[in-house]
Amino acid sequence: MQNYVGKGTVLEVGLEMWNRRQWLAVVVFALTLAGTASIATFLPDIYRSTATVLVERHQVPETFVRSSVTGELETRLQTISQEILSRARLEDLITRFGLYPDLRDRVPVEAVVEKMRRDIRLELKGVEQQMSGRSATVAFNLSYRGRDPEKVAVVTNTLASFYVEENSKLRERQASQTTQFLKDQLAEAKKRLDVQEARVRDFRARHVGELPQQMGVNLATLERLQAQLVLNNANQLRARDQRVRLQGESDVAGAVGAFDTATVKLARLKRELLDLRTRFSDKYPDVIRVKAEIAALERELAAVEPGGNSAGGAAALGEPDVELKSLKAEEQRLRRDLATYQRRVENAPQREQELLELSRGFETAKELYSSLLKRYEDAQLAESMEQSRQGEQFRILDSAIPAKQPMAPDRIRLIVLGVLLSLGAAAAAAVLAERLDTSFHTYDDLRSFTKVPVLARIPRMVSDADTARQARQRWLATASVALGLALVVAASYHLARGNDQLVQILSRGAS
């Protein structure tokens, strides 16, 4: 009998475990590899086609025609994407090209549309601007993935044409809406301008003669009327002197002296009144005093004015009386005109302030109207530019073509991962079985369990019945493994066949 001190090296332990668990490890390895290899084989091929769309800037420089579509290109692209990826648009594409036939029979339409949204990808291409440091979009890639490479290319080109058409429609619509908005605002501004202009015109019509620009004319007229009034007073003095001379010296000698003195004083007071009115208003105290003295002298002259009794004297005095009457009527007219123009001069500052307020509102309305008119004309030019496709447009630079090789799945990689996974599963199954097995396999195992001495080792005796039973067990195990492999392959087929989602999951894991 030979004594063993240790349990042996790790390699020896591994070899012993392999000798005991080799069939279990082989079966687990075969089943796992069959499943992973079947899945990698039966997964559908997914193709992707890509179309490149170029963003063409304005063909007419903005220095000459400024576009009314001022939104960011990225924002407009998102808006167009939402329009194209709408349920109605995608459902029409699914029906037209017969996409996702297996899904349409099993899931609702909303799920199929969502699946197509996930299969569409938009990737922007930009260049960094030196001044702002931001990235300016110059093109974008539009791609779509599916099982049929021909259909995938057709759908991708159709989506790209949708982007081109929607961009043109969106820009034309925005330009048209901007023009219509400015047109409505211009009409409102024109109404407000007409109202302000009517108010100014009505104010000028109601206050003719009192306007600030007529101040010079009013002052010149006032000076002319004052000169005419001075001349009128001088003529009245001359007429009165003539009338006095025609009166009889004997009858009115005393009265004539008094009349002549009062007349001279009256003329002096009238000249003084004219001088005061050129400097002060009628409410000034000196003006009021002089006017009162003039009125008192005129009453005195009327009381002491001599008159002839004879017919010849009355006839001689008639001509001066007619002249005096005419001069007095002219004096009253001149005074009325003087009062009118004096009132105009006094009201001119107030009218100037009122006209200034009205003119301020009119000028504001006029400036707003002019500004809106300029913007409306620019918007019309921009709308014409968009309609003639001279603005920023999308152009398909590279159309999508059918892919020659599928983008997914990577079967070689999946099989390699399956082999590694199978090896790991086989090793794990062997170790687990070894851990769960409580029997003694070696002399060292027995000695480590008990301190009782081992007397002898009896070899295993196999009978014919045992040999037959072991043969039946091997055939049964072989049949079970074959059946298990068949079931694994069948399950992998049903799991992987048409499972695009599994392809996506495995593709994300690969990336």
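The values are calculated or read from the model by the stated rules, or taken from the named source; none is laboratory data. Note that this is a predicted model, so its numbers are computed, not measured. We place every Cβ from the backbone using ideal geometry, glycine too, and count neighbours over all the protein chains shown. Please note that ligands, DNA and RNA were not included when accessible areas were found on the heavy atoms of the full protein model with its side chains. Shrake-Rupley method; radii C 1.70, N 1.55, O 1.52, S 1.80 Å.
Can you pull out every residue in the stretch 169-178 that is more than 16 Å from Leu381 (Cα to Cα) and open to solvent by less than 90 Å² (accessible area, probe 1.4 Å)?
Leu170 - this is the single residue of the stretch 169-178 that is more than 16 Å from Leu381 (Cα to Cα) and open to solvent by less than 90 Å² (accessible area, probe 1.4 Å).
Would you mind stating whether Gln236 is in contact (Cβ under 8 Å) with a residue 60 or more places away in the chain, in contact with an Asp or Glu (Cβ under 8 Å, 6 or more places away or on another chain) and assigned to a helix (DSSP H, G or I)?
yes
Quick test of your reading of the structure: Arg299 fulfils all but one of (1) open to solvent by less than 70 Å² (accessible area, probe 1.4 Å); (2) at pLDDT below 75. Name the failing condition by number.
Going through the list (1) open to solvent by less than 70 Å² (accessible area, probe 1.4 Å); (2) at pLDDT below 75, Arg299 breaks only (1).
List pairs: first residue in the stretch 405-416 and within 16 Å of Gly498 (Cα to Cα), second residue of a type in the set (D, E, K, R) and assigned to a loop (DSSP other than H, G, I, E, B) anywhere in the structure, Cβ distance under 6 angstrom, at least six positions apart or on different chains.
Pro406/Asp45
Write out, first by first residue and then by second, each pair whose Cβ atoms fall under 6 Å of each other, whose residues are 6+ apart or on separate chains, and whose first residue, in the stretch 482-494, is within 11 Å of Ser38 (Cβ to Cβ) while the second is among the aliphatic types (A, V, I, L, M).
Between residues of the stretch 482-494 that are within 11 Å of Ser38 (Cβ to Cβ) and residues that are among the aliphatic types (A, V, I, L, M), the close pairs are Leu485/Ala34; Val488/Leu31; Val488/Ala34; Val489/Ala34; Ser492/Ile39.
Determine if the stretch 37-49 includes at least one residue that is hydrophobic (A, V, I, L, M, F, W, C), over 54 Å from the mean Cα position of the chain (by Cα) and either closer than 30 Å to Glu165 by Cβ or modelled with pLDDT of 85 or more (or both).
Looking through the stretch 37-49, at least one residue is hydrophobic (A, V, I, L, M, F, W, C), over 54 Å from the mean Cα position of the chain (by Cα) and either closer than 30 Å to Glu165 by Cβ or modelled with pLDDT of 85 or more (or both).
With Leu229, Leu225, Leu219 as the choices, which residue is modelled with pLDDT of 75 or more, assigned to a helix (DSSP H, G or I), within 60 Å of the chain's Cα centre (by Cα) and within 30 Å of Glu352 (Cα to Cα)?
Exactly one of Leu229, Leu225, Leu219 is modelled with pLDDT of 75 or more, assigned to a helix (DSSP H, G or I), within 60 Å of the chain's Cα centre (by Cα) and within 30 Å of Glu352 (Cα to Cα), namely Leu219.
Consider only pairs whose beta carbons are under 6 Å apart and that are at least six residues apart or on different chains; among these, list those whose first residue lies in the stretch 293-308 and is under 13 Å from Gln236 (Cβ atoms) and whose second residue is surrounded by 13 or more Cβ atoms within 10 Å (Cβ to Cβ) and at pLDDT below 75.
As it stands, the answer is Leu297/Ala262; Leu297/Leu266; Leu301/Ala262, since those pairs meet every condition given.
Within the stretch 179-216, which residues are more than 43 Å from the chain's Cα centre (by Cα) and exposed (fewer than 13 other Cβ atoms within 10 Å of the Cβ)?
Within the stretch 179-216, Ala205, Arg206, Val208, Gln213, Gly216 qualify.
Any residue in the stretch 462-481 that's within 28 Å of Leu31 (Cβ to Cβ): show its pairings with residues that are surrounded by 10 or more Cβ atoms within 10 Å (Cβ to Cβ) and at pLDDT 80 or above at Cβ separation under 7 Å, as long as the two are six or more apart or on different chains.
Close Cβ pairs satisfying both conditions: Val481/Val27; Val481/Ala30.
Taking the stretch 470-482 on its own, how many of its residues are of a type outside the set (A, V, I, L, M, F, W, C) and either open to solvent by 100 Å² or more (accessible area, probe 1.4 Å) or modelled with pLDDT under 70 (or both)?
The qualifying residues number 3.
Considering Glu392, Glu363, Glu354, which residue is open to solvent by 50 Å² or more (accessible area, probe 1.4 Å) and touching a residue at least 24 places away in the same chain (Cβ under 8 Å)?
Working: Glu392 fails: open to solvent by 50 Å² or more (accessible area, probe 1.4 Å); Glu363 fails: touching a residue at least 24 places away in the same chain (Cβ under 8 Å).
Testing whether each residue is open to solvent by 50 Å² or more (accessible area, probe 1.4 Å) and touching a residue at least 24 places away in the same chain (Cβ under 8 Å) leaves just Glu354.
Of the residues Val256, Val287, Val264, which is at negative phi, touching a Phe, Trp or Tyr at 6+ places or on another chain (Cβ under 7 Å) and either part of a helix (DSSP H, G or I) or at pLDDT below 75 (or both)? Reasoning before the result, please.
Working: Val256 fails: touching a Phe, Trp or Tyr at 6+ places or on another chain (Cβ under 7 Å); Val264 fails: touching a Phe, Trp or Tyr at 6+ places or on another chain (Cβ under 7 Å).
Testing whether each residue is at negative phi, touching a Phe, Trp or Tyr at 6+ places or on another chain (Cβ under 7 Å) and either part of a helix (DSSP H, G or I) or at pLDDT below 75 (or both) leaves just Val287.
Which of the following residues is on the phi < 0 side of the Ramachandran plot and part of a loop (DSSP other than H, G, I, E, B): Ile415, Ile401?
Details: Ile415 fails: part of a loop (DSSP other than H, G, I, E, B).
Criteria check complete, one pass: Ile401.
May I ask you to list the residues in the stretch 59-108 that are in a loop (DSSP other than H, G, I, E, B) and at pLDDT 65 or above?
Glu72, Leu85, Ser86, Gly98, Leu99, Tyr100, Asp105, Arg106, Val107, Pro108
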